[in-house]
Structure formats: structure tokens, C-alpha cells
Amino acid sequence: MRDVRTWREWSQVDIHAARLDRKARLALLPWHWSRQVAGEYERRGGVESATARAWFVGVTDSARGRLSLAVTDDDLRAAAKAAAIDGISIAGRAGMAGDRALFDALSLHVRSWGIDVPRADPENLRPAIRRMLCERWFLRRMRRAHGRRCDGAAIAAGVVRRGLWPYASEDAVTRRTAQRKRNAQAIDRAVIECEQSGEALPLADVVASSIANPEVRRAELMVRVRGCDAHAADVGAVAEFWTLTAPSRFHAQKVTGATSEPNRGYRNLTPREGQEYLTKVWARARAAWARRGLEIFGLRAAEPHHDGTPHWHIVAYGARRDLRFARRLLHVYALRDSPDEPGARKRRFKAMALKGGQGGARYAAKYIAKNIDGAGLEGARDGETGRKIADAVRRVDTWKSVWGIRQFQFFGCPRVGIWRALRRVAAGSLPRHSMLERARSAADDSDFAEFWRASVVGGLEIMREAAARLTIYGDKGVRRTIGVMEGARRALLTIKDWEIRWSGKAQAVGRSALDFVFDFRRSGVNNCTRTPDRYGDAVGAIFEFLGDDGLTFRKSRSMVRTI
């Protein structure tokens, strides 16, 4: 029979279908912000507006995939297990064809889950193959990929912004809080033990004495930046404060007074891509400085705009002439990309001379505290969002964790690895008038400027193991730091093999309680507040719990399961 419905009736059918599609698409989004997207959809005109429907389809399409954005951590665990089982099945079928064929087959399998293929040595594909058969590897990568997809979609949807959820989505903050809770519970149950000496320490105590502790991390950064101030005074250098920002296409929102609105020039670029762009600009500028013999040192800090786009604050020190040329060169490189877009010359690069040319630490202190623990800023409000600093700290921590952004980096300064290693060398073990002893004593006293002078005069260098140990996957791990050298003179560290034992209680140390053993390298961990001697060796073994799994080690990836 011929359909004789009128145009109005057909329109009602289309609208009804669009409403059903709306419900199905919203179900793909995390519940925290599906309501926000629904509200924005209606504000733009809802199902009766073609423009609003096009926007809605674009936002929700990013949620599609083998795993929707609405999945829970339990769903990710189940998916990781299924992916590993499927990988083993693929290996059973393709393994006879050789490593290359198996690697290619597993690569397709990994990509189908939205995960990047692990880097592989063309001469030895086995380590990468083992990773693609490991359930724990899949879980770590799925958590990372899901977190980035989720927040990338939230930024594109316009729910990451001032007035709503600045810096990171509420789902990301919830996941980060749960991750920290898992970490704390695992650490509380564990002990760290040295088989050679029989020492056993509660892991929680050792973590509290390492740079995994925000207070210790902040103290280390402040000691180093104050050392830069003192060194600048010694050599007659002056300081400037610079701000470096990405082009408009990286910004999802543009500020209009006290609020913000979508930026039409946004190109769906993520904060990680913004960080990579700024890193390239910075690398080109520093290469230009080196070619011209400009000696610049200082600290750069990465922090987010309200919509998650990173920008950098830089405290730069140098001779007046060097600093002037360095500033001009960085300005040139900052404006090489789309220099004629509105506001580029005003916002892309800003420079401010510090009062009297000194006091860089005062400017750095605010950004260090704001991005670590908010110490000293309890009553202050975040100028970017208007919220209390405590809330901003939590969200900034989530932002850098989701996007894997390194927030603080010193440049033109002595290597901090030497500083951290010398803090582990016992007093009285080095010749009294050597540069090694002078640097060790300065590091022990948290005098970074004096350490700098001794490090330069002595030409101090890090010593590492001759050969790296193998990880559980069969590739080479990182080489351990074993000491510091000054020419032919050596300051050797006491190297111990520490094992983390995941027992029921931190006090219970027994082989029957051993579940997993993580074999990891030691590195000198600086803590500007001195730790008890019994933690001296163990502190160097501690990780930062910044990863996307329950526990991710800062220096090593090697892991062995003990039967």
C-alpha cells in the first residue's frame, strides 16, 4: 500500500527517531557530563535544529568504539583480561609464521582496542609481543587511553571550562581520586625488604620520605629555584618572567568577561598535543640560544588554562645581553605559527622583567604551590577559575595525570641526579678538600648554589651500571645509578636490591605472604627535609604514584611474578 503521510507527519517521524538516537548517544557518555551535553543540545535548539543535531552527533561520535566512554574500571579490567586471552589465541594461530607475522597480527588486535602498539626493536620483536599478551599491560594502556578519550571528548563538548569543570572533567577527577585511594591502600599493606641485610621497612614510611610526597617535592623545587637565585647573584645574572601560550586552534574555549564560549577556531586538539607544540617551540628556541652561545638557566612550569590547554611560565636567568637576545628569539619562534591570527602578538608570548632583576624564587613559589599542594595559598582563589586553590590543586593534578604532562623542568642547571646521589653518600667518606665532598656537603645542607659551584668546578658526572638488567618482557631496563665521579675520584653508593612485599599488613614480613615482587632500580631521591638514616638507602627505590595503574614505578618497569 502506498504511504500517504503528509510532510508534517514525516517530520514528526524524523523528530521521534532523532529523540531515540539522542537517548542512545547520551548513554555512551560518562554520566557526570551526559546531562551537561543534553542541556547544551537543548540550548542550541534540540532535535528540531539541524545545526544542534550536527553538533550533538560530532560530540557523541567520539564516545563510540569497542569501549564506550561510559565504561567503569571493572569494565576495563574485564576488557583487559579478554584482550589478553584473545591475544594468546592469536599467538597460537599466527605464532608458527614467525615473529614478524605474529607482531603484525597482535598489532591489529591491540589497535582494535584503541591502544597504541608498543615500540619494538626490529631486531628483537619478542619483548613487544610479550607485552601484547600481558593482561596487566592491557589494563594500564586501556586506563590511559580511556582517560584521554574521555577528557578529550569532554573538552570538545565544552564541559571542561570555567564556570563548570575547569582543567579536567569530573569523571577524570573521580577516577584520579579512586586511583590514589587504591595506591594508598596498597602501600599501607606493603613492606620493602632488602634480602642482603634483612632490613624491612613499611613502604608507607618510605614513600612519605620521598618525592612522591607533595611536601617533599615542593621543598625540593623551592630549594633548587632559590639556588638559581643565589647563583644568579654570584655571576651577575638578572631574571625575567615569561609566559608562552599555544595558538588559537588548541583552545576549545575563549574567555568573554567572567564566562567563556566555544572557540570557532578550535581544531579538536588535545592538551597533550598542545604540550608537544610548546615543547617543540621551546626546543627550537634553546637550540638557537646554543648556536649563539647564550647562557640561560631557570625553571619552566606547565599549567592548564581553564579549558585544559597548557601554557608555560618560565623564570629565566642570564646576563642582560644574553637574556635580551634569548627573549627575542623565543618571541620569534612563538609567532612563527599563525602569527596573524587575532590576539597572537598580544597573548602568544609575554615577558616581564623582575623588580631589580632578582627574586625569581618569589614568582616561582606561587606556581609551584598552586600545582602541587597549595601550601601557603589556603585562603587564595585561582585567578583562572575563581575557585579556591585547594579545588584547583586537585583538578590540576588530575589534568597532568590524564595527559602525562611534566609540570616542572629546570634548564641550564646541574643535573639533579648528581644532587640526589650525593645526598645518599655518608658524611666523612670523601677526601675533605675534594669537589665531591664540597658538593656532597652542599647537597646535605640543601645549598643548591654551593652545590652548583662545586659541580661545575669538579666536572661531576653520574656513574651508572655497565649493563642494564632485563625486564620481565625481555628487553633492557634502565641502568642503575651507582655513584658520582670527579675525574678519577669516585663516590660510590651502597647498592642494595630491595623487594616490595605485598603482605596483608605492613608489619608482617614473610615469604608466605609474598604475592608480587617488583625488581626496580635505585635512584637518589632528593628530599629537602632529611629522613631517618634507616630510610637512606630505601628512599632511592621509591616510585611516584602518578601512573594509570594502581602502582607505577618512577624509574623502572621490570616486574617478576613469584610462584
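The values are calculated or read from the model by the stated rules, or taken from the named source; none is laboratory data. It should be emphasised that the depicted structure is a prediction, and the values quoted were computed from it without experimental measurement. Reconstructed Cβ throughout: ideal geometry from the backbone, glycine too, with neighbour counts over all protein chains shown.
So here's what we get for this one:
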quantity: Yes/no for R141 being out of contact with any Ser or Thr (no Cβ under 8 Å at 6 or more places or on another chain), buried (at least 22 other Cβ atoms within 10 Å of the Cβ) and within 30 Å of H311 (Cβ to Cβ); calculated: yes
quantity: Residue check for R161: in a loop (DSSP other than H, G, I, E, B), crowded, with 22+ Cβ neighbours inside 10 Å and charged (D, E, K, R); calculated: yes
quantity: Every residue from segment 464-479 that is under 18 Å from A128 (Cβ atoms), charged (D, E, K, R) and assigned to a loop (DSSP other than H, G, I, E, B); calculated: D475
quantity: Check on T51, touching a Gly at 6+ places or on another chain (Cβ under 8 Å) and surrounded by fewer than 18 Cβ atoms within 10 Å (Cβ to Cβ); calculated: yes
quantity: Residue in segment 191-202 that is touching a strand residue (DSSP E or B) at 6+ places or on another chain (Cβ under 6 Å) and β-branched (V, I, T) present; calculated: yes
quantity: In segment 447-463, the residues that are touching a helix residue (DSSP H, G or I) at 6+ places or on another chain (Cβ under 6 Å) and either outside any helix (DSSP H, G or I) or more than 30 Å from A230 (Cβ to Cβ) (or both); calculated: L460, I462
quantity: Answer residue from segment 367-396, given it is of a type in the set (D, E) and outside any helix (DSSP H, G or I) and is surrounded by the fewest Cβ atoms within 10 Å (Cβ to Cβ) among those; calculated: E378
quantity: Top-ranked residue in segment 343-366 [being over 23 Å from G227 (Cβ atoms), touching a residue at least 40 places away in the same chain (Cβ under 8 Å) and not aliphatic (A, V, I, L, M); ranked as surrounded by the fewest Cβ atoms within 10 Å (Cβ to Cβ)]; calculated: G343
quantity: Condition broken by R53, with the remaining ones in (1) more than 23 Å from the chain's Cα centre (by Cα); (2) under 30 Å from G477 (Cα atoms); (3) part of a helix (DSSP H, G or I); (4) touching a residue at least 24 places away in the same chain (Cβ under 8 Å) satisfied; calculated: (2)
quantity: Residue under evaluation L29, criteria (1) closer than 19 Å to C134 by Cα; (2) in contact (Cβ under 8 Å) with a residue 24 or more places away in the chain, criterion not met; calculated: (1)
quantity: Enumeration of residues in segment 224-234 that are over 20 Å from A351 (Cα atoms) and either surrounded by 23 or more Cβ atoms within 10 Å (Cβ to Cβ) or in contact with a strand residue (DSSP E or B) (Cβ under 9 Å, 6 or more places away or on another chain) (or both); calculated: R224, G227, H231
quantity: Top-ranked residue in segment 326-347 [being at pLDDT 95 or above and under 18 Å from R300 (Cα atoms); ranked as farthest from the chain's Cα centre (by Cα)]; calculated: R328
quantity: Within segment 253-287, considering residues that are of a type in the set (A, V, I, L, M, F, W, C) and surrounded by fewer than 17 Cβ atoms within 10 Å (Cβ to Cβ), the one farthest from T309 (Cα to Cα); calculated: A287
quantity: Options W419, W452; residue that is in contact with a Phe, Trp or Tyr (Cβ under 7 Å, 6 or more places away or on another chain), outside the structural domain of H306 (by TED's automatic domain parsing) and not hydroxyl-bearing (S, T, Y); calculated: W419
quantity: In segment 187-196, the residues that are surrounded by fewer than 17 Cβ atoms within 10 Å (Cβ to Cβ) and not in a loop (DSSP other than H, G, I, E, B); calculated: D188, C194
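Each row is one residue, and each column tells you yes or no for (1) assigned to a helix (DSSP H, G or I); (2) without any contact (Cβ under 8 Å) to a residue 60 or more places away in the chain.
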{"position": "T398", "(1), (2)": "yes, no"}
{"position": "F410", "(1), (2)": "no, no"}
{"position": "G417", "(1), (2)": "yes, no"}
{"position": "A421", "(1), (2)": "yes, no"}
{"position": "V425", "(1), (2)": "no, no"}
{"position": "G428", "(1), (2)": "no, yes"}
{"position": "P431", "(1), (2)": "no, yes"}
{"position": "L436", "(1), (2)": "yes, yes"}
{"position": "R440", "(1), (2)": "yes, yes"}
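This table checks each residue for (1) surrounded by fewer than 20 Cβ atoms within 10 Å (Cβ to Cβ); (2) farther than 26 Å from A287 by Cα.
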residue	(1), (2)
G404	yes, no
I418	no, no
R423	no, yes
A427	yes, yes
L430	no, yes
R438	no, yes
E461	yes, no
